[in-house]
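Asker: Handing you this structure, nothing more for now.
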Amino acid sequence: MTVIQNIASHLSVKKAGIAGAGGLGSNVAAALVRSGLGHIVIADYDVVTEANLNRQFFFADQTGQRKVDALRENLLRINNLADVEAHACKVTPRNAGSLFGSCDVVIEAFDLAKEKKWFAEWMIAHFPFKPLIMGSGIAGYGSLETLRMQRSGNLYICGDQKETEQKLVPLLAPRVIMVAMMQADLALELLLKDKPLPEP
Amino acid sequence: MTITLNNRKETFSPQEMSITRIMEEKSFHFKMLIVKLNGTLIPRESWPLTVVRNGDHLDIIHLVSGG
C-alpha cells in the first residue's frame, strides 16, 4: 500500500461535518473527498445562483438546484463510494447536535459573522472536545502574508480576521478557496493525528 | 503582568486588568468577537468585570462575514 492509499484508507472511516455549502464549505468538501474521506455531512438551505460560480464548487448548469444536492452530485463524481449526507436545512441550535454530533471534526462555513458566532459558542458549550475549524476574513486578493490560522483549544480559525466593506472588497475565488484549503488541510491533520506520516 | 494574548506573550504595566481594558489598550473594537480566558468562553456582558492576571491565557477571535 502506498502512503497516499494508507492515508485514504485511514480517512475512509472518518466523518466530517460541514456547516454551510458556499465558498468555504463546497471547496472544503471537494478537497476532503479527494483525499479519501469516507463520510461527510453537509447542511445548507440555499440554492445555487450565477453569482456563486465565481468561487463556489458548482457549475453553470446547476443554478437553481439546492446547494447540498448539487454538491453531493459533484462529490460523487469525484468518488462515487463517498457517503455524502446532504441536509437541505438551516443549521440551528435545535438541529446542530443531531447533524454534527457524530462527526470527528466540524467545519464552520457560514456566510454571516453572527451565524459564525452562535455556532462557535454552541459548539464550545455542547461539544468542547470536538475540533471546530472556522473561516473568518476571506475577502479580496493579495496580502497573502495576512492569512493565518489561530488556535484556541479545540477552536481553530483560518483567514485574516479582517473586516472589509463587502461592496468594495468582494469575495474572489483564490482567497476564498485558499482559506477553504487551510480548513481542509487542518481537518486532515486532526483526522490523521493518530496516523502520523513516516519520517522522511 | 505578562499574559498570553492570542498565543503571544504580552506585557502590560498594571498587575491586573479587565478584559474590556485590555481590548481598549490593544484596539480590539470589532462587533463580533469570541473571547476565551484560560479556555473558558466569556460572554460579552462579563468582559468589564472579568479580571485578567499574570500568566493568564486570553484569546480574542474576530469573526468576519463571508463564507
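Computed from the coordinates by the stated procedures, all read-outs in this text should not be read as laboratory data. Everything quoted here is computed from the prediction, not taken from an experiment. FYI the Cβ positions are ideal-geometry reconstructions off the backbone, even for glycines, and counts take in every protein chain you see.
Asker: List the strands (runs of 3 or more DSSP E) inside the range B:1-44, counting only whole elements, that have at least 3 residues being more than 10 Å from every other protein chain (Cβ to nearest Cβ).
Answerer: Those strands (runs of 3 or more DSSP E) span B:2-5, B:8-11, B:16-18.
Asker: Being in contact (Cβ under 8 Å) with a residue 40 or more places away in the chain, in contact with a Leu (Cβ under 7 Å, 6 or more places away or on another chain) and either crowded, with 19+ Cβ neighbours inside 10 Å or farther than 22 Å from residue A:9 by Cα (or both) is the filter here; which residues of the range A:87-129 pass it?
Answerer: Hits for the range A:87-129 are A:87, A:91, A:105, A:106, A:108, A:109.
Asker: Hey, residue A:86 hits all of (1) in a strand (DSSP E or B); (2) under 21 Å from residue A:193 (Cα atoms); (3) hydrophobic (A, V, I, L, M, F, W, C) but one; which does it fall short on?
Answerer: (2)
Asker: Among the listed residues A:60, A:82, A:30, A:43, which satisfies the condition of being of a type in the set (Gly, Ala, Ser), free of Cβ contacts under 8 Å to residues at least 24 places away in the same chain and in contact with a helix residue (DSSP H, G or I) (Cβ under 9 Å, 6 or more places away or on another chain)?
Answerer: One residue alone meets the criteria, A:60.
Asker: Please find, among A:143, A:136, the residue that is surrounded by 15 or more Cβ atoms within 10 Å (Cβ to Cβ) and free of Cβ contacts under 8 Å to residues at least 60 places away in the same chain.
Answerer: Step by step, each of A:143, A:136 is checked, and only A:136 is surrounded by 15 or more Cβ atoms within 10 Å (Cβ to Cβ) and free of Cβ contacts under 8 Å to residues at least 60 places away in the same chain.
Asker: Identify the residue in the range A:146-168 that is at the interface with chain B (Cβ under 9 Å from one of its Cβ atoms) and among the aliphatic types (A, V, I, L, M) and, among all such residues, is surrounded by the most Cβ atoms within 10 Å (Cβ to Cβ).
Answerer: Applying the filter and picking the extreme gives A:157.
Asker: While we're here: Quickly run through the range A:1-48 and pick out the residues that are hydroxyl-bearing (Ser, Thr, Tyr) and either outside any loop (DSSP other than H, G, I, E, B) or in contact with a Gly (Cβ under 8 Å, 6 or more places away or on another chain) (or both).
Answerer: Once the filter is applied, which keeps residues that are hydroxyl-bearing (Ser, Thr, Tyr) and either outside any loop (DSSP other than H, G, I, E, B) or in contact with a Gly (Cβ under 8 Å, 6 or more places away or on another chain) (or both), the range A:1-48 yields A:9, A:12, A:26, A:35.
Asker: Still on this structure, I have one more. Residues in the range A:22-37 that are within 10 Å of another protein chain (Cβ to nearest Cβ) and surrounded by fewer than 24 Cβ atoms within 10 Å (Cβ to Cβ): how many?
Answerer: Going through the range A:22-37 one residue at a time, the tally reaches 0.
Asker: Another question, if that's okay. Please verify whether the range B:60-67 includes one or more residues that are more than 10 Å from chain A (Cβ to nearest Cβ) and outside any loop (DSSP other than H, G, I, E, B).
Answerer: no
Asker: Turning to a different aspect of this structure: Across the range A:171-195, what is the number of residues that are in contact with a Phe, Trp or Tyr (Cβ under 9 Å, 6 or more places away or on another chain) and assigned to a loop (DSSP other than H, G, I, E, B)?
Answerer: Of the residues in the range A:171-195, 1 are in contact with a Phe, Trp or Tyr (Cβ under 9 Å, 6 or more places away or on another chain) and assigned to a loop (DSSP other than H, G, I, E, B).
Asker: Further question: Restricting attention to the range A:104-122, and to residues there that are among the acidic types (Asp, Glu) and within 7 Å of another protein chain (Cβ to nearest Cβ), which single residue is nearest to residue A:32 (Cα to Cα)?
Answerer: Among those that are among the acidic types (Asp, Glu) and within 7 Å of another protein chain (Cβ to nearest Cβ), it is A:111.
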